[in-house]
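Q: If you scroll down you'll find the structure; I have some questions about it.
The values are calculated or read from the model by the stated rules, or taken from the named source; none is laboratory data. Predicted model only: the values in this text are computed from it and were never measured. Positions of Cβ are backbone-derived with ideal geometry, glycine not excepted, and every protein chain shown enters the neighbour counts. For accessibility, only protein heavy atoms count, side chains too; no ligands or nucleic acids. Shrake-Rupley method; radii C 1.70, N 1.55, O 1.52, S 1.80 Å.
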Amino acid sequence: MTFKHNFKKVLSATAFAAALVVAPAANVSAATNDASSTQQSATATSQDQQASQDQAASQSSAANQSSATAASASSSTSTSSATSTSTVKKTTKKAKKTTKKSKKKAVKKVAKKTTKKKATKKAKKTSKKSTKKTTKAATAAVTASADQSQATDQQDDAAKKAAEAAAKKAAAAKKAAAKKAAAAKKAAAKKAAAKKKAAAKKAAAAKKAAAKKKAAAKKKAAKKSAEKAAKYWIAMRESGGYYTARNGSCYGRYQLLISYLGGDLSKKNQERTADRYVYGRYGSWVNAKRFWLAHNWY
């Protein structure tokens with residue numbers, strides 16, 4: 001009866017030790033499986049698989065130890081009841097030690113995995129930060145390059161506009177100069193034409209005056225010639241041209257009354273007195289001739 005009771009105790013202690021060994025291992029396995037399910041990289045997955053294999057080996061070793069302990073306890077119990085109690089105590093202590101070791105190992109592995117997770121997360125975070133920084137730097141560089149390109153384009157546009165404005169200004173100045181030159185040329189041509197016209201008008205006036213003067217001189221000469229011819233014609237009809245011819249109270253070349261001569265019978269006085277008489281009575285020798293032809297005297 002005592003043997004059976006002791007054997008039951010041994011079995012209970014063994015089962016309890018095995019349960020303690022299996023429970024942490026199961027927890028570790030669950031933690032490992034959760035960790036492996038959350039990892040996305042190939043390196044983390046392989047590490048989790050290796051940890052699972054190590055845990056399985058540990059569980060198998062603990063189970064073997066428990067089996068060996070149970071077999072030893074059984075053989076010891078069958079040998080003697082006195083030694084079985086001490087064996088159970090030793091086995092229990094050993095199982096406790098094994099359980100503690102397994103717990104420590106499991107905790108260490110979990111801590112190690114947690115550290116690895118943290119390190120992986122930290123590395124990922126660092127990588128993300130680095131990527132963000134790199135992206136930000138690249139974006140800033142691209143933005144700066146775009147700004148610089150835009151500034152360069154704006155400078156080019158400003159330079160182009162300035163060149164166009166300068167060209168436009170130069171064209172306007174050239175056009176104004178050409179217009180001014182054309183106006184000056186037109187004014188000079190107009191002035192020259194006016195001067196030429198004035199000169200031509202003056203020349204025409206001078207020519208007309210000269211012609212008029214010439215005509216007047218010619219007319220005068222003709223009149224003089226006509227006067228001379230008419231005077232000569234009357235002298236020839238009155239006295240035959242003699243200054244000493246006498247007919248009653250008339251004397252001289254033009255047969256004037258002796259009283260008209262005033263006692264001076266000279267040729268000069270006869271010419272002067274005859275001109276005074278004819279111009280005073282008829283206006284000209286031509287008119288005097290015309291009267292003579294009509295009345296046979298003058």
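Q: I'm told residue 201 meets every condition in (1) more than 30 Å from residue 283 (Cβ to Cβ); (2) at pLDDT below 90 except one. Can you identify the failing condition by its number?
A: (2)
Q: Now, a different point. Name the single residue that is most open to solvent (accessible area, probe 1.4 Å) among those in segment 247-286 being part of a helix (DSSP H, G or I) and over 23 Å from residue 225 (Cα atoms). Don't jump to the end; show me each part of the working.
A: As a first pass, look at segment 247-286 and keep what is part of a helix (DSSP H, G or I): 258-261, 267-281, 285-286.
Still in the list and also over 23 Å from residue 225 (Cα atoms): 258-261.
Details: 258: 56, 259: 94, 260: 109, 261: 8 Å².
Looking at the filtered set, the residue picked out is 260.
Q: A follow-up question, please. Go through 289, 223, 231 for me and flag whichever is modelled with pLDDT under 95, more than 60 Å from the chain's Cα centre (by Cα), surrounded by 12 or more Cβ atoms within 10 Å (Cβ to Cβ) and not hydroxyl-bearing (Ser, Thr, Tyr).
A: That would be 223, the only listed residue that is modelled with pLDDT under 95, more than 60 Å from the chain's Cα centre (by Cα), surrounded by 12 or more Cβ atoms within 10 Å (Cβ to Cβ) and not hydroxyl-bearing (Ser, Thr, Tyr).
Q: While we're looking at this one, here's another question. Can residue 240 be described as without any contact (Cβ under 8 Å) to a residue 24 or more places away in the chain and outside any helix (DSSP H, G or I)?
A: yes
Q: Suppose we keep only residues that are of a type in the set (Val, Ile, Thr) and touching a helix residue (DSSP H, G or I) at 6+ places or on another chain (Cβ under 7 Å) within segment 249-298. Which one would you say is farthest from residue 233 (Cα to Cα)?
A: Ranking the candidates gives 273 first.
Q: Failed condition for residue 208, given (1) in contact (Cβ under 8 Å) with a residue 24 or more places away in the chain; (2) open to solvent by 100 Å² or more (accessible area, probe 1.4 Å), with all others met?
A: That leaves (1) as the condition not met.
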